[in-house]
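The values are calculated or read from the model by the stated rules, or taken from the named source; none is laboratory data. Because the structure is predicted, anything quoted here is derived from the model rather than measured. Reconstructed Cβ throughout: ideal geometry from the backbone, glycine too, with neighbour counts over all protein chains shown.
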Amino acid sequence: MSVCLQDVVVERRGKTVLGPMTLELSDAGFTMVLGPNGAGKTTLLKVLHGVERVSSGSVSWSVPSQTAREGQAYVFQSPIMLRRSVRANLAYPLQLLGLDKADISERVTKWAARIGLSAALDFPAPRLSGGEQQKLALARALIRRPNTLFLDEPCANLDGRSVREIEEILREAVQAGTQIIMTTHDLGQARRLADRVIFVNKGQIEEQAPATAFFNAASSLGASAFLNGDIVE
Amino acid sequence: MSEIWAGIAEAFRLIWSLDEDLIDITIRSLKVSLTALFIACTLALPFGTWLAIRRFRYRRFAIAALNALMGLPPVVVGLIVYLLLSRSGPFGVMGLLFTPTAMIMAQVIIITPLIASITHQAMRELWSEYHDLLISFNTTKQQRISALIWDGRRTLMTAALAGFGRAIGEVGAIMIVGGNIDQVTRVLTTAIALETGKGDFALALGLGFILIALSLVVNLTIHTLSRTEREGRW
């Protein structure tokens with residue numbers, strides 16, 4: 001699935017927080033959205049996912065919008081856990097799809113094992129640790145086998161081990177054909193995972209390029225400063 | 001003080017002897033209040049949840065009106081239901097005045113705003129927590145309401161218990177629309193009012209203790225069944 005943003009503007013309380021922005025994303029594997037705090041990364045992700053209304057402009061997918069939404073999943077920076085068990089959290093998106101119980105049970109068991117929570121299937125999800133919650137949120141998103149997965153800084157505040165586990169799962173997802181669009185502050189992670197980079201600053205796209213080209217020779221001043229660890233305003 | 005002891009003794013005697021009238025009145029009280037509670041919950045839980053997630057033009061006014069309706073004076077509700085059901089009223093032909101059905105109607109009107117308002121408060125908090133997730137799952141309104149009601153069921157149980165407490169202890173409205181007719185519409189609260197009026201304080205107190213015990217038993221049963229303590233942190 002490819003997506004096209006045409007002159008998109010998002011305003012909040014009369015202030016422009018994103019755009020005007022024109023962007024085309026094809027079926028690339030791993031797109032990393034980089035930029036300083038408040039640059040508009042999360043807003044861009046939400047616009048692409050269709051949960052943020054645009055003030056003007058248009059967002060169009062290569063498939064009908066309903067089909068596009070059904071094929072998407074989103075993982076938030078702070079994982080949102082349903083007040084249910086781990087099993088019920090994993091099963092919920094599948095129940096929404098109307099899958100039969102046997103299929104749901106099989107997928108839940110498989111994903112619980114994949115994220116190391118097989119022994120905690122009946123444990124209340126909100127009482128898991130931060131890393132476990134983030135892994136569960138990721139599994140809950142991937143269990144639907146989405147075409148496109150949006151991740152909003154999924155590894156913020158996680159320890160190295162949890163980050164490595166999450167990155168492994170993400171690589172597997174890309175290999176399985178899922179398109180991933182992710183925001184991060186972690187340049188090391190961006191270097192490890194990205195196929196393509198979009199650099200956002202002050203609500204505008206300052207640069208977009210294949211990852212290797214971006215990290216070797218960023219062309220915009222803001223991106224260069226960001227890569228050098230300078231303060232970008 | 002002696003009257004309180006006499007009341008306690010009378011309550012035990014009535015229970016111990018399985019007094020026929022007492023059993024009849026207690027069962028009727030439970031039937032009327034639980035039926036009213038069931039109907040009110042059917043209306044108030046989805047409505048309160050809907051109000052929490054839906055944005056519309058007069059939403060603030062609707063919430064303010066709902067909160068104001070929580071304080072509806074029961075005697076006024078009783079009077080209005082009486083006028084509606086009386087022979088000259090619009091529903092007079094149905095012959096419902098001075099029946100348990102009329103009492104249930106009055107109680108439903110009294111407790112529905114209370115349950116809906118508590119539901120709205122609880123669901124508003126849960127909705128702010130779940131909002132982004134349920135939207136990202138592309139859920140329908142029906143699915144969102146179902147998820148909120150299911151995951152907020154323990155809080156909703158509290159709302160229902162508050163409604164039950166108000167219904168079982170209500171006297172003004174059901175006295176007007178029920179008429180406190182022996183073996184037809186007499187319930188614990190109207191019986192207490194009657195016995196107090198007759199000066200039989202011991203029996204009135206006995207009935208009062210039974211009313212309190214009944215309320216406690218229902219609350220504890222629901223509390224235990226819903227495993228509030230064990231799973232309360234979900």
| said: Scan the range A:49-72 and tell me whether some residue there is among the aromatic types (F, W, Y), at pLDDT 90 or above and over 30 Å from A:F123 (Cβ atoms). | reply: no
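Does A:L94 satisfy the condition of being modelled with pLDDT of 95 or more and among the aliphatic types (A, V, I, L, M)?
Yes.
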| Unmet criterion (only one of (1) farther than 30 Å from A:P64 by Cβ; (2) within 14 Å of another protein chain (Cβ to nearest Cβ); (3) over 18 Å from the mean Cα position of the chain (by Cα); (4) part of a helix (DSSP H, G or I)) for A:T109 | (2)
| request: Return only the number of the condition from (1) under 19 Å from the mean Cα position of the chain (by Cα); (2) surrounded by fewer than 20 Cβ atoms within 10 Å (Cβ to Cβ); (3) of a type in the set (A, V, I, L, M, F, W, C) that A:L96 does not satisfy. | output: (1)
| field | Subset of the range A:121-138 [among the acidic types (D, E) and either surrounded by fewer than 19 Cβ atoms within 10 Å (Cβ to Cβ) or touching a residue at least 60 places away in the same chain (Cβ under 8 Å) (or both)] | value | A:D122
| task | Taking B:L205 as the residue in question, decide whether it is modelled with pLDDT under 90 and either surrounded by 21 or more Cβ atoms within 10 Å (Cβ to Cβ) or closer than 17 Å to B:A36 by Cβ (or both). | result | yes
| query | Any idea which of (1) crowded, with 22+ Cβ neighbours inside 10 Å; (2) at positive phi is the one A:I181 doesn't satisfy? | reply | (2)
| task | Counting only residues that are crowded, with 19+ Cβ neighbours inside 10 Å, give me the strands (runs of 3 or more DSSP E) lying completely in the range A:17-88 with at least 3 of them. | result | A:30-34, A:72-75
| query | Where in the range B:43-156 are there helices (runs of 4 or more DSSP H), lying fully within it, with 2 or more residues that are more than 14 Å from chain A (Cβ to nearest Cβ) and crowded, with 22+ Cβ neighbours inside 10 Å? | reply | B:74-85, B:100-136
| remark: The one condition B:R124 fails out of (1) touching a Leu at 6+ places or on another chain (Cβ under 7 Å); (2) over 28 Å from B:D24 (Cα atoms) is (1)
| query | Of the conditions (1) closer than 21 Å to B:F137 by Cβ; (2) under 21 Å from the mean Cα position of the chain (by Cα), A:I104 fails just one. Which one is it? | reply | (2)
| said: Exactly one of these conditions fails for B:N219: (1) surrounded by 18 or more Cβ atoms within 10 Å (Cβ to Cβ); (2) touching a Leu at 6+ places or on another chain (Cβ under 6 Å). Give me its number. | reply: (1)
| field | Residues satisfying the stated conditions in the range B:1-42, i.e. farther than 20 Å from B:I104 by Cα, of a type in the set (S, T, N, Q) and in a helix (DSSP H, G or I) | value | B:S2
| If you check B:A162, B:A193, which single one turns out to be over 17 Å from the mean Cα position of the chain (by Cα), surrounded by fewer than 19 Cβ atoms within 10 Å (Cβ to Cβ) and at pLDDT 90 or above? | B:A193
| request: Could you please find all residues in the range A:208-222 being surrounded by 21 or more Cβ atoms within 10 Å (Cβ to Cβ) and modelled with pLDDT of 90 or more? | output: A:F214
| Pairs, first at the interface with another protein chain (Cβ under 10 Å from one of its Cβ atoms) in the range A:61-87, second among the acidic types (D, E) and in a helix (DSSP H, G or I), C-beta under 7 Å, six or more apart | A:F76/B:D132; A:I80/B:E129; A:I80/B:D132; A:L82/B:D151; A:R83/B:D151; A:R84/B:D151
| remark: In the range B:81-96, anything touching a residue at least 12 places away in the same chain (Cβ under 8 Å) and over 16 Å from B:A36 (Cα atoms) is listed as B:Y82, B:L85
